[in-house]
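Each remark here refers to the structure printed beneath this line.
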Amino acid sequence: MTRSEELFARARSLIPGGVDSPVRAFGAVGGTPWFAERGEGAFVIDADGVRRVDLVQSWGALLFGHAREEIVRAATDAAARGTSFGAPTEAEVELAARIVEALPGVDMVRLVSSGTEATMSAIRLARGATGRERIVKFEGCYHGHADALLARAGSGVATFGIPGSPGVTEGAARDTITLPYNDVEAVRTTFDRDGDAIAAVIVEPVAANMGVVPPEPGFLDALRERCTAAGAVLVFDEVITGFRIGYGGAQSRFGVTPDLTTLGKVMGGGFPCAAFGGRRDLMQHLAPDGPVYQAGTLSGNPVAVAAGIAALDLAERLDPYPALERTAETLMEGLRGAFAANGIAARIGCAGSLFSVSFTEEPVRDFAGARAADHERYARFFHHLLAGGVALPPSGYELWSLCTEHGDDEVARVLDAAGSFAG
Ligand code: PMP
């Protein structure tokens, strides 16, 4: 028995499924999850001492790899001064200023502790500000696990084939309209029918929880146009894309400005720190300025905020994005070559440095396409790479996350392992 197997057996008797977040359990790919012992830049070392190139990078939270010195130092220095106060701190103002400066759609921002909190709060704010109840989301997009947002979701909900979730009331599900991603016609029809009842449209501006599915030209613009015309709030969920696709997020890259933006992952430097922000007039509906309630004991936690500032500081100073895109290009080109040489039908969905592999003949433009891919082949591919020293996300619905520490050697190792995958 390996140490990971021992730990997993014990975990399963104490924690449902043995994990604190479902996809970690390897349900989609089978086998025993590796337990992380430590990380070093591009590498993760498991409980049995096996060192692998890590393409999970805490599900996209780490842009600078594991245990980046500047981030660790900022967090430990902050912790030494006190780990939580429940009073405002100067560092929160600094982090807020950086976010406002980076994102065109954000005039004011509030810090929270998880992406789920950010999206849940943004939806409440949109409903409170508009006095409307219905929201529109897209099939295969994942926005965390708040009731209103679980319908036909991506990520673990897709991985485990769960259409919604027991425990979500019928009322909550009824207020959520789900439409196919990239389907402008469906958006038009819905707004023509229900426009004045829609509080918000929430979307991943690059879908990254059904594999990476970029927005087709005109899709985000159509959402912007329809929301403006109907007085609905457009929410870009940039929990993955924010500070990863570029410093200005997907909203800068595609030139479409949302009313509200949700953030998480990279902006927390690997700590529980997330945010939602947007137009000043909307944000002023929040308590204590306005009546829409939202709060958190650990919101703006000083350790997490210090790590977040350090991460954003690195991102601004080093501008890692062109190099990340070059790394992604090299990897994608090499993978395409390897699959072609071995007669394996595969498509790589990408936007900037964000990408993922789907084993299918057809390009993927929506959730139906993502589901039609050969997920059993992905499971075999996953285990082939794991044995070859590469840790991929344990589901074909997830993004492959790059960090600045993935260099030529790491790329070569991934391509070497992929090259011997026979199908
Ligand atoms: N939105 C998106 C786009 C996400 O990818 C995720 C998580 N992967 C969330 C929201 C939820 O964030 P968290 O897991 O921090 O609650």
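Within the stretch 143-175, the only residue that satisfies the criterion of being in contact with a Leu (Cβ under 8 Å, 6 or more places away or on another chain) and modelled with pLDDT of 95 or more is H143. Looking at V233, V184, just one residue is touching an Asp or Glu at 6+ places or on another chain (Cβ under 6 Å) and farther than 29 Å from L392 by Cα, and that residue is V233.
If you go through the stretch 110-125 and keep only what is farther than 18 Å from F271 by Cα and among the hydrophobic types (A, V, I, L, M, F, W, C), you end up with M120, A122, I123, L125. One residue stands out in the stretch 227-242 among those that are part of a helix (DSSP H, G or I) and either in contact (Cβ under 8 Å) with a residue 12 or more places away in the chain or under 19 Å from A153 (Cβ atoms) (or both): the one that is farthest from the ligand (Cβ to nearest atom), namely A229. Of the residues making up the stretch 9-31, one or more are closer than 20 Å to V390 by Cβ, modelled with pLDDT of 95 or more, out of contact with any Ser or Thr (no Cβ under 9 Å at 6 or more places or on another chain) and within 16 Å of the ligand (Cβ to nearest atom).
Just to be sure, is R413 out of contact with any Pro (no Cβ under 9 Å at 6 or more places or on another chain), more than 23 Å from V213 (Cβ to Cβ) and either in a loop (DSSP other than H, G, I, E, B) or touching a residue at least 24 places away in the same chain (Cβ under 8 Å) (or both)? When the stated conditions are applied, R413 passes them.
When M267, M283 are checked against the criterion of being closer than 12 Å to L125 by Cβ and at pLDDT 95 or above, M283 stands alone in meeting it.
Taking residues in the stretch 35-56 that are more than 10 Å from A391 (Cβ to Cβ), and partners anywhere that are charged (D, E, K, R) and in a loop (DSSP other than H, G, I, E, B), the pairs with Cβ atoms closer than 6 Å and at least 6 places apart or on different chains are G41/E405; A42/E405.
Restricting attention to the stretch 402-409, does a residue exist that is at pLDDT 95 or above, out of contact with any Pro (no Cβ under 7 Å at 6 or more places or on another chain) and among the polar types (S, T, N, Q)?
Looking through the stretch 402-409, none of the residues is at pLDDT 95 or above, out of contact with any Pro (no Cβ under 7 Å at 6 or more places or on another chain) and among the polar types (S, T, N, Q).
Note on the stretch 73-95: among residues that are in contact (Cβ under 8 Å) with a residue 40 or more places away in the chain and of a type in the set (A, V, I, L, M, F, W, C), the one that is surrounded by the fewest Cβ atoms within 10 Å (Cβ to Cβ) is F85.
Going by the conditions given, is L111 buried (at least 20 other Cβ atoms within 10 Å of the Cβ), under 23 Å from L220 (Cα atoms) and either within 15 Å of the ligand (Cβ to nearest atom) or without any contact (Cβ under 8 Å) to a residue 12 or more places away in the chain (or both)? Here the answer is no, as L111 does not meet what is asked.
The values are calculated or read from the model by the stated rules, or taken from the named source; none is laboratory data. Computed from a predicted model, the values in this text were never measured in an experiment. Note that each Cβ is placed from the backbone with ideal geometry, even for glycine, and that neighbours are counted across all protein chains shown.
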